[in-house]
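Notes for the one structure printed next.
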Amino acid sequence: MIKASNYLKPAWVRRQFELAFPLLPPGTSAALWLSGKLLAEIGGAASGLAEDTPGAQAFHLVLEQERVGTLLLSSPATQALDWGKAFAHALQGILDAEHARRSVAQETLESYREMALLQRAVTELNHSLKPAAVAASLLKEFDGRKDTAGHGAVFLRNPDSASLELIQSFGEDAAKTFARLQGSRLFAEMATREAGDIINDLPASSQWAEEATDFKALLWLPLIAHGENLGLLVLASRHADGFAAGDLKRAQTLSSVAAAALRNAQLYAAEQDMFQSFVRVIATAIDAKSPYTAGHCRRVPEIALMIAEMAHQADSGPFADFVLDEDKRNTLQIAAMLHDCGKVVTPEWVVDKATKLDHIENRIHLIATRFEVLRRDAEIALYRALAEHADGDAARRIYQERLQQLDDDFAFIEKCNLGAEFTSDEQVARIQDVARTTWRDSRGEAFPLLTENEVYNLSVQRGTLNPEERKIIEDHAVHTINMLSQISFPRSLRNVTEYAAGHHERMDGRGYPRGLKRDQLSIPARIVAIADIFEALTAPDRPYRKPGTLNWAINIMHRMKLDNHIDGELFDLFISQGVYAAYAQKHLVAGQIDDVDVARYLG
Amino acid sequence: MTEIAKIAIVDDEVHIRALLEQTLEDLDGEPEILTAANGAEGLALIERERPQLVFLDVMMPLMNGYEVCAAVRSNPDLAATTIVMLTAKGQEADRTRGLETGAHHFVTKPFDPDEILDLAREILQAS
Ligand SMILES: [Fe+2]
Ligand SMILES: [Fe+2]
């Protein structure tokens with residue numbers, strides 16, 4: 001209905017009447033009605049002037065074939081009618097022009113409205129790079145509005161199966177009602193349409209009345225970006241006249257922005273997935289490189305995240321201010337997975353060096369062969385003595401003593417080679433003694449029983465690695481830094497290198513590779529260091545060593561705390577919050593889990 | 001709102017006046033909408049009619065929006081008049097100055113009709 005009473009200002013009409021009145025015959029009255037509203041009247045008989053008043057003349061005003069008003073005139077003189085005709089004609093002209101101006105203005109206002117909506121939507125809907133958050137922002141534009149649909153849902157197409165999945169919804173019992181709708185033929189029909197539409201008064205629809213009994217009206221729109229159908233927006237109402245064309249237009253504007261934002265979110269998620277899988281590939285490669293560290297890069301992140309989560313939850317104590325937001329969580333996980341990535345350039349024979357004489361092969365066998373040569377030499381010496389009719393008994397005794405000595409020496413060298421125990425200075429002297437023994441080849445040339453290099457390796461006092469090899473191992477931390485600093489991480493992950501690079505640093509600054517102190521290491525970096533040690537101590541799948549028990553591992557870590565090697569506050573958190581126990585339940589084998597005297601370690 | 005509300009639109013651009021007027025006609029209670037085409041005329045209109053609500057353009061001849069706003073605010077008789085300033089897009093810095101001179105709300109041109117209506121309803125209901 002056209003509201004023509006707004007088209008003319010009453011004051012203007014009144015003034016017009018006043019100006020015209022002196023020109024009219026005496027006794028004339030006039031009134032102007034527009035859209036049922038009296039705008040102005042003049043003359044003695046004007047009040048109560050109606051179309052059926054005897055002698056009254058009515059001039060109708062029309063817009064779009066609709067009668068919107070009447071100029072009423074009552075006069076004793078007929079020439080007043082001519083004035084009425086002229087005045088009505090002028091009014092009609094003004095109304096026509098005003099009507100045209102207003103419809104142009106209406107168009108402009110609609111564009112303003114859409115522009116404002118778009119501007120807001122672009123900001124709101126691009127707020128997050130998570131599909132679910134984009135869907136929630138889209139629904140927020142419909143939820144709680146005065147002309148609300150009552151119910152709304154966003155379904156997203158699973159990129160693999162192409163089936164639609166409910167991502168977000170609002171309204172009473174939304175999850176249930178939309179699940180029912182999703183099972184209907186109507187929904188299947190909606191999903192295949194390329195354009196959105198409205199169905200009002202569903203119960204009256206012969207085709208769909210049985211289909212969507214929860215709702216009386218539906219509005220739906222496919223979410224399309226770059227020609228790709230990403231999902232479906234559905235609004236539902238319990239009123240039969242739930243939706244109008246304007247609602248669809250508004251929904252279209254919002255959906256176009258939402259679809260673009262969803263596409264961005266999906267592309268971003270795909271990038272993230274790809275990056276994560278690269279990280280996993282690298283971690284798997286390192287784990288696969290050596291049976292000594294199998295599963296290490298997979299389990300360290302788990303421990304690290306468990307510790308970080310506890311630090312996040314603490315609302316008092318040293319970690320009260322520590323916040324593990326999503327970026328930090330991702331950063332920590334990636335850093336923990338990649339902390340040993342430098343090991344890809346470490347030669348396996350060093351990583352795997354199980355005995356002091358390992359160098360690609362365990363060289364103890366070469367030495368065993370030389371001992372064998374000496375045994376034969378002793379045997380030959382025996383037979384030679386017997387053949388020369390020497391004292392047979394004496395020759396046999398010398399032979400037996402020689403064999404005994406060789407066996408003792410070899411057993412000693414073999415034990416040293418394992419590096420399981422500390423090698424004392426006396427033992428080093430004995431190694432040098434053994435080395436001085438010579439053996440001869442068939443041409444009679446003499447060689448020392450142990451080469452210089454063998455003596456050097458066997459003389460390692462702790463473990464199996466000589467200083468150069470220890471350096472090669474420690475260099476993996478440098479390689480980790482070098483490799484990670486070449487990756488251009490996004491801002492949200494810019495701390496990966498720092499978190500990963502400090503895992504061999506010690507709180508007292510005696511660690512490697514940089515000798516950083518506690519306050520030079522971030523909390524997440526210290527967390528990775530603790531996780532690294534705990535995993536290494538409790539790993540159930542190391543060859544040549546039976547898995548350590550929980551109590552044994554924690555005892556060692558406790559000493560590391562007292563030594564200012566690991567962060568004491570993190571160790572306390574690790575123990576007091578039962579992180580070790582939760583992890584043990586999941587990853588350790590039955591024989592490893594023993595009772596841990598928590599009170600003792602927290603003293 | 002017992003008596004009919006009065007809303008004044010003060011803007012030198014005729015299309016803004018027309019569009020605002022047409023937008024505000026959708027308010028319930030058929031408020032009386034008054035218009036003025038420059039600052040001086042606007043101030044006179046406000047002082048004479050004492051509207052509850054004024055939409056006031058910033059850039060106008062004779063007297064700009066800040067001056068009108070400051071004049072209205074310094075008049076204790078007009079304490080009940082709420083001023084909504086219309087600023088051009090990209091000139092959001094004007095808001096600081098508008099706030100200093102006593103404007104209550106800001107709307108960027110081109111305005112969102114729904115925002116204008118919501119704002120007007122809220123202000124008229126409160127007055
Ligand atoms: Fe490492
Ligand atoms: Fe490690």
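Data overview
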| read-out | value |
| --- | --- |
| Selection within region B:22-36 - within 9 Å of another protein chain (Cβ to nearest Cβ) and either over 19 Å from B:Ile123 (Cβ atoms) or assigned to a helix (DSSP H, G or I) (or both) | B:Gln22, B:Thr23 |
| Hey, B:Gly65 on the phi > 0 side of the Ramachandran plot and either away from chain A (no Cβ under 13 Å) or in contact with a His (Cβ under 8 Å, 6 or more places away or on another chain) (or both) or not | no |
| A:Arg375 being touching a Leu at 6+ places or on another chain (Cβ under 9 Å), open to solvent by less than 80 Å² (accessible area, probe 1.4 Å) and among the charged types (D, E, K, R) | yes |
| Members of region A:80-109 found to be closer than 13 Å to A:Ile2 by Cβ, open to solvent by 60 Å² or more (accessible area, probe 1.4 Å) and without any contact (Cβ under 8 Å) to a residue 24 or more places away in the chain, listed by number | A:Ser103, A:Gln106 |
| Strands (runs of 3 or more DSSP E) completely within region A:140-255 that count 3 or more residues being in contact (Cβ under 8 Å) with a residue 60 or more places away in the chain and polar (S, T, N, Q) | none |
| Candidate set: region A:350-369, residues that are open to solvent by 30 Å² or more (accessible area, probe 1.4 Å) and modelled with pLDDT of 80 or more; chosen: the one farthest from ligand 1 (Cβ to nearest atom) | A:Thr369 |
| Candidate set: region A:285-308, residues that are more than 16 Å from ligand 1 (Cβ to nearest atom) and surrounded by 15 or more Cβ atoms within 10 Å (Cβ to Cβ); chosen: the one farthest from A:Leu129 (Cα to Cα) | A:Ile307 |
| Some residue of region A:514-525 being within 16 Å of ligand 2 (Cβ to nearest atom), open to solvent by 20 Å² or more (accessible area, probe 1.4 Å), out of contact with any strand residue (DSSP E or B) (no Cβ under 9 Å at 6 or more places or on another chain) and away from every other protein chain (no Cβ under 14 Å) | no |
| Residue match in region A:208-221 (condition: away from ligand 2 (no atom under 16 Å from the Cβ), within 30 Å of A:Ile473 (Cβ to Cβ) and away from chain B (no Cβ under 14 Å)) | no |
| Qualifying residue in region B:81-100 (condition: within 17 Å of B:Gly42 (Cα to Cα), open to solvent by 30 Å² or more (accessible area, probe 1.4 Å) and more than 14 Å from every other protein chain (Cβ to nearest Cβ)) | no |
| Hits in region B:68-78 (condition: open to solvent by 80 Å² or more (accessible area, probe 1.4 Å) and assigned to a loop (DSSP other than H, G, I, E, B)) | B:Ser74 |
| Yes/no for B:Ile83 being closer than 20 Å to B:Leu19 by Cα and not in a helix (DSSP H, G or I) | yes |
| Meets criteria (crowded, with 19+ Cβ neighbours inside 10 Å, within 14 Å of chain B (Cβ to nearest Cβ) and small (Gly, Ala, Ser)) for A:Ala121 | yes |
| Looking only at region A:311-349, and only at residues there that are among the charged types (D, E, K, R) and within 16 Å of ligand 1 (Cβ to nearest atom), the one that is nearest to the other protein chains (Cβ to nearest Cβ) | A:Asp340 |
| In region B:15-27, the residues that are touching a strand residue (DSSP E or B) at 6+ places or on another chain (Cβ under 9 Å) and open to solvent by 60 Å² or more (accessible area, probe 1.4 Å) | none |
| Search result, residues across region A:528-580 that are of a type in the set (Gly, Ala, Ser) and not in a loop (DSSP other than H, G, I, E, B) | A:Ala529, A:Ala531, A:Ala536, A:Ala553, A:Gly568, A:Ser576 |
| Filter result for B:Asp57 (in contact (Cβ under 8 Å) with a residue 40 or more places away in the chain, of a type outside the set (S, T, N, Q), more than 13 Å from chain A (Cβ to nearest Cβ) and over 29 Å from A:Ser35 (Cα atoms)) | yes |
| Residues (within 14 Å of A:Leu450 (Cα to Cα) and among the charged types (D, E, K, R)) located in region A:359-386 | A:Arg363, A:Arg370, A:Glu372 |
| Region B:108-123, residues that are open to solvent by 60 Å² or more (accessible area, probe 1.4 Å) and more than 9 Å from chain A (Cβ to nearest Cβ) | B:Asp118, B:Arg121, B:Glu122 |
| Any hit, region A:246-258, residues being open to solvent by 10 Å² or more (accessible area, probe 1.4 Å), small (Gly, Ala, Ser) and modelled with pLDDT of 90 or more | yes |
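Per-residue answers, yes or no, for (1) within 16 Å of ligand 1 (Cβ to nearest atom); (2) touching a residue at least 40 places away in the same chain (Cβ under 8 Å); (3) closer than 17 Å to A:Lys343 by Cα; (4) of a type in the set (Gly, Ala, Ser):
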residue: A:Ser485; (1), (2), (3), (4): no, no, yes, yes
residue: A:Pro490; (1), (2), (3), (4): no, no, no, no
residue: A:Leu493; (1), (2), (3), (4): no, yes, no, no
residue: A:Ala500; (1), (2), (3), (4): yes, yes, yes, yes
residue: A:Glu505; (1), (2), (3), (4): yes, no, yes, no
residue: A:Gly509; (1), (2), (3), (4): no, no, no, yes
residue: A:Pro524; (1), (2), (3), (4): yes, yes, no, no
residue: A:Glu535; (1), (2), (3), (4): yes, yes, yes, no
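The values are calculated or read from the model by the stated rules, or taken from the named source; none is laboratory data. These figures come from a predicted structure and were not determined experimentally. Note that each Cβ is placed from the backbone with ideal geometry, even for glycine, and that neighbours are counted across all protein chains shown. Only protein heavy atoms, including side chains, enter the accessible area calculation; ligands, DNA and RNA are left aside. Shrake-Rupley method; radii C 1.70, N 1.55, O 1.52, S 1.80 Å.
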